[in-house]
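Below is one structure. I have some questions about it.
Just so you know, all these numbers are worked out from the coordinates, no wet-lab data involved. Everything quoted here is computed from the prediction, not taken from an experiment. Counting neighbours? That spans all protein chains shown, and the Cβs are built from the backbone with ideal geometry, glycine included.
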Amino acid sequence: MHYVYIFKKRNNEEIYIGCTNNLKRRSREHNVHGMKWDLIYYQAYKARKDAYLREERLKYYGQALGQLKRRIKNSLV
């Protein structure tokens, strides 16, 4: 499995979008040196190319990221 994920820094609104085949390892890597990140969203894909395509859309096309942020916000309410 390959994952597209979004981490949010605990002390501000900074987000990080990435792609990995090991979500637990990547989470540990983000939480080193006193920096605390929370996993707020992930999507699983069977094919690596599909995951990287989704990551690219989220990073470089504002509309895709905006839609996802609205979905996440609505699900937390």
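Got a number for residues in the stretch 29-49 being hydroxyl-bearing (Ser, Thr, Tyr) and closer than 15 Å to Met1 by Cβ? Quick ask: steps written out before the conclusion?
First, pick out the residues of the stretch 29-49 that are hydroxyl-bearing (Ser, Thr, Tyr): 41-42, 45.
Subset that is closer than 15 Å to Met1 by Cβ: 42, 45.
Residues in the stretch 29-49 being hydroxyl-bearing (Ser, Thr, Tyr) and closer than 15 Å to Met1 by Cβ: 2 in total.
Okay, next question. For residues that are free of Cβ contacts under 8 Å to residues at least 12 places away in the same chain and either closer than 9 Å to His2 by Cα or hydrophobic (A, V, I, L, M, F, W, C) (or both), tally how many sit in the stretch 50-62. Give the steps one after another, and end with the answer.
Step one: filter the stretch 50-62 for residues free of Cβ contacts under 8 Å to residues at least 12 places away in the same chain, giving 53, 56-57, 60-62.
Within this subset, residues satisfying the condition of being either closer than 9 Å to His2 by Cα or hydrophobic (A, V, I, L, M, F, W, C) (or both) are 53.
Final tally of qualifying residues: 1.
Out of (1) hydrophobic (A, V, I, L, M, F, W, C); (2) in contact (Cβ under 8 Å) with a residue 12 or more places away in the chain; (3) in contact with a helix residue (DSSP H, G or I) (Cβ under 6 Å, 6 or more places away or on another chain), the odd one out for Met1 is which?
(3)
A follow-up question, please. Among the strands (runs of 3 or more DSSP E) contained in the chain, which hold 1 or more residues that are among the basic types (Lys, Arg)?
2-9
Evaluate the following for Glu29: is it closer than 15 Å to Ile72 by Cβ and over 8 Å from the mean Cα position of the chain (by Cα)? Lay out the reasoning, then the answer.
Working: closer than 15 Å to Ile72 by Cβ: no; over 8 Å from the mean Cα position of the chain (by Cα): yes.
No.
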